[in-house]
1. Could you check GLN39 against (1) open to solvent by less than 10 Å² (accessible area, probe 1.4 Å); (2) closer than 29 Å to PRO133 by Cα; (3) in contact (Cβ under 8 Å) with a residue 60 or more places away in the chain and say which number it fails?
2. From the set of residues in the range 1-42 that are part of a loop (DSSP other than H, G, I, E, B) and farther than 20 Å from PRO69 by Cβ, which is modelled with the lowest pLDDT?
3. Search the range 95-107 for residues that are without any contact (Cβ under 8 Å) to a residue 40 or more places away in the chain and pair each with any residue that is open to solvent by 60 Å² or more (accessible area, probe 1.4 Å) when their beta-carbon atoms are under 6 Å apart and the residues are at least 6 apart or on different chains.
4. Going through the range 162-206 one residue at a time, which ones are in a loop (DSSP other than H, G, I, E, B), hydrophobic (A, V, I, L, M, F, W, C) and without any contact (Cβ under 8 Å) to a residue 12 or more places away in the chain?
5. Step by step: first the residues of the range 72-100, then only those that are in a strand (DSSP E or B) and of a type in the set (Ser, Thr, Tyr), then the one that is nearest to ASN119 (Cα to Cα). Which residue is that?
6. Filter the range 52-71 down to the residues that are in contact (Cβ under 8 Å) with a residue 40 or more places away in the chain and either in a helix (DSSP H, G or I) or not hydrophobic (A, V, I, L, M, F, W, C) (or both) and list them by number.
7. For the range 169-181, indicate whether the set of residues that are surrounded by fewer than 13 Cβ atoms within 10 Å (Cβ to Cβ) and of a type in the set (Ser, Thr, Tyr) is non-empty.
Amino acid sequence: MTYPDYRLVCTWGARSQTAQEIAHDVMRFSQRLLDACPQFGAWHYLGPRDKLMPLPLDAIQVCQQAIEPGNCERRGAAPDLVLPVGFSVLLYTSKRDGVAWMAHVGKGTAWAHNRVAINCARRGDLAQVMTEPDMMERLFRVMVEVWQPDWARVSHTDMSDPEYAFPVHWMLYGREPLPPGLVLPDGVRAHGLTGASGEVLAPGQYFVTTPGERFVYSHPEHQARCEALKRVLREAGWLPPPPQA
């Protein structure tokens, strides 16, 4: 069975970081994902001749082996290095029917935004596990908690969406508070990000358009619900403006 193509993405503005700070974030996020979904097994980077190599457990080794400065093709960065164009990391569970996550982070200029994305598996047991609603929400919350972004979303990458550059699909997080008195469409749920003791894990809130149900953009009811949520949030001035034709 082939599952729809889902992607978890979070973005934020200028945030300068050293290579070592990013290495610690990469290690922490990788472990948090494994804790949330043990079926991932392990994370790897592409070594020589595209061989999968286990992600090191030491931040200095992550800098030397898994981090790529800016847009260059040569891996490795001095731990104290800071670059305006940031750093990139790409990790895999496997080459086939696996999961990949990538980061373009550490960018400290207004024109270079930071981004982390997880591409889901599409086939097999891992796809089934990862796209279960409870698991998807768990992974989404981990992503927001670790990276503290401005925006995050779980999108169904159906290019028939006229606003695929900023989709409102399965889940959507925003850092800014909601306007008072906002009425959500029927069926949509809003949640804060708090821990077991009530501590705030990230500011803002997130929305789930199909609670307890796998989202499919081609499903008429699902599409209508995410379009209704988009309309409500845009009228409240909470979403970015629609792209210009």
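1. (1)
2. So, considering only residues that are part of a loop (DSSP other than H, G, I, E, B) and farther than 20 Å from PRO69 by Cβ, the one modelled with the lowest pLDDT is MET1.
3. From the range 95-107, the pairs are ASP97/ARG123; MET102/LEU90; HIS104/ARG115.
4. Correct list: ALA196 only.
5. TYR92
6. Listed by number, the residues that qualify are ILE60, CYS63, PRO69.
7. no
Rundown of residues vs (1) over 14 Å from the mean Cα position of the chain (by Cα); (2) surrounded by 22 or more Cβ atoms within 10 Å (Cβ to Cβ); (3) more than 18 Å from ILE22 (Cα to Cα), yes/no style:
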position: LEU81; (1), (2), (3): yes, no, no
position: PRO84; (1), (2), (3): yes, no, no
position: TYR92; (1), (2), (3): yes, no, no
position: ALA100; (1), (2), (3): no, no, no
position: GLY108; (1), (2), (3): yes, no, no
position: ALA112; (1), (2), (3): yes, no, no
position: VAL129; (1), (2), (3): yes, no, yes
position: MET143; (1), (2), (3): no, yes, no
position: THR157; (1), (2), (3): no, no, yes
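The values are calculated or read from the model by the stated rules, or taken from the named source; none is laboratory data. Quantities reported herein were computed from a predicted structural model and do not represent experimental measurements. Using ideal geometry, Cβ is built from the backbone for each residue, glycine included, and neighbour counts are taken over all protein chains shown. Side chains included, ligands, DNA and RNA excluded: accessible areas come from the protein's heavy atoms. Shrake-Rupley method; radii C 1.70, N 1.55, O 1.52, S 1.80 Å.
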